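Trainee: I am attaching a structure below and will ask some questions about it afterwards.
The values are calculated or read from the model by the stated rules, or taken from the named source; none is laboratory data. Being a predicted model, the structure only gives us computed values, none of them experimental. Please note: Cβ atoms are built from the backbone with ideal geometry, for glycine as well, and neighbour counts cover all protein chains shown.
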Amino acid sequence: MRAALQAQILAIMGRALSIRQIDALNNPIYNIEGLGIKFVASPRHADLLLVTGPVARNMELALVRTYEATPEPKLVVAVGDCGCTGGVFGENYASAGRVSNVIPVDIAVPGCPPTPERILAGIVTAISASQGPPRADR
C-alpha cells in the first residue's frame, strides 16, 4: 500500500507532495490573532501545544521532543475525540492512542471535530487554570 501510494504520487507530481496545513481558527470569522493568540513555527516559542488526533507511533518521538523543547511553564490541549481518547483508532500497532498516553495533557476538548468555539474555550480554560505569572519573554 505504502509503496503503491508513493509510486502514484511520484508518477503524478514527479516529486514529493508538499502540504501546508491551514488552521481554520485563524480566519476572519474567529480572528484568533485579534484575540491575542498566535501560532508559532517553533516549540521553543510556544506557551501551549494544541495537539489533534491520535498519536501515531511514528509521531510519538516527535511529540515527546516537541513537548520537551517547549519552555516551562507549558500547557497542552488535546483536541478532538481522537486526541482525547484515541477515538476509533484506539491503541494498536500503529497508534499510541490518546495524547495523554505520550505527554501530560492539561485540558481535553472532545468532539469529532469540536467546534472552533469549543477549541477556543479549551485554550482559555488551560491558560486560566495555569499557575504562575504571565511570561514577558513572548
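Trainee: For the list (1) farther than 25 Å from R2 by Cβ; (2) touching a Leu at 6+ places or on another chain (Cβ under 6 Å), I need the number of the one condition that V102 fails.
Mentor: (1)
Trainee: Could you grab me the full set of residues in segment 92-127 that are within 25 Å of P73 (Cβ to Cβ), modelled with pLDDT of 95 or more and among the polar types (S, T, N, Q)?
Mentor: Selection gives S100, N101.
Trainee: Looking at (1) closer than 24 Å to L120 by Cα; (2) more than 13 Å from the chain's Cα centre (by Cα); (3) free of Cβ contacts under 8 Å to residues at least 60 places away in the same chain, which is the only condition S95 fails?
Mentor: If we test S95 against (1) closer than 24 Å to L120 by Cα; (2) more than 13 Å from the chain's Cα centre (by Cα); (3) free of Cβ contacts under 8 Å to residues at least 60 places away in the same chain, just (1) comes out false.
Trainee: Among all residue pairs at least 6 apart or on different chains, which show Cβ distances below 8 Å where the first residue, located in segment 57-75, is without any contact (Cβ under 8 Å) to a residue 60 or more places away in the chain and the second is in a helix (DSSP H, G or I) and of a type outside the set (K, R)?
Mentor: Correct list of pairs: L63/V99; T66/P43; Y67/P43; A69/P43; T70/P43; K74/Y67; L75/A126; L75/I127.
Trainee: For segment 81-103, which positions are among the β-branched types (V, I, T) and part of a loop (DSSP other than H, G, I, E, B)?
Mentor: V88, V102, I103
Trainee: If you scan segment 29-57, which residues turn out to be of a type in the set (D, E) and surrounded by fewer than 17 Cβ atoms within 10 Å (Cβ to Cβ)?
Mentor: E33
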